[in-house]
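Here's the structure we're looking at; comments come further down.
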């Protein structure tokens, strides 16, 4: 059964392929490359979790594993460097979803709220990764965001709108990117609160019906 969650995983897979492709064009010893590998590790954890969920849900688990499950597994292992670019094989999953576009479209139409929350999560993830990468690239030689760890910490305190002030952009472009990330943080936390509120209201309605 197709779901928005599977679409999001497919989109993240495609995005992760783009990230890995970017590493061909940057210095392998640069801080930007280290930052991309940090995010790649996080995405791999999402893919690995998705693999085990799919394996658990399948009635014929060995059939799933021997057909294309093993490809999902190999492409989700971040600690084995030789397997990193096998993630390109996750395009197979993307193609399966495209073939089922009508099912996906009907699901989105009938589950607009769930679809909206899922797309907000995906968009926010992409904005977070791109923002921290751009700021590190721009600020590494002129500001106080010089390392991959600095960029990770800065993006975390920015998206949560805490803003300790120990790391901050000093260029106009960096400040513009920071503004986008702050708005992204407000949007994602608003979506989380809205989702929790919807879930609570759903539980209350079910409880009242049960009574």
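Readers should treat all values here as calculations from the given coordinates under stated rules, not as data from a laboratory. The structure displayed is predicted, hence computed values, not measured ones. Here Cβ is always computed from backbone atoms with ideal geometry, including for glycine, and neighbour counts include all displayed protein chains.
Structure above, values below:
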{"read-out": "Footprinting exposure proxy for 62, 154 (fewest neighbouring C-beta atoms within 10 Å first)", "value": "62, 154"}
{"read-out": "Extension gain from residue 147 to residue 199, taking 0.36 nm per residue of separation minus the Cα-Cα distance", "value": "14.7 nm"}
{"read-out": "Length added when fully stretched, residue 48-residue 175, from 0.36 nm per residue minus Cα-Cα", "value": "42.2 nm"}
{"read-out": "Separation in nanometres of the label points that stand 7 Å from Cα toward Cβ, at residue 160 and residue 119", "value": "2.9"}
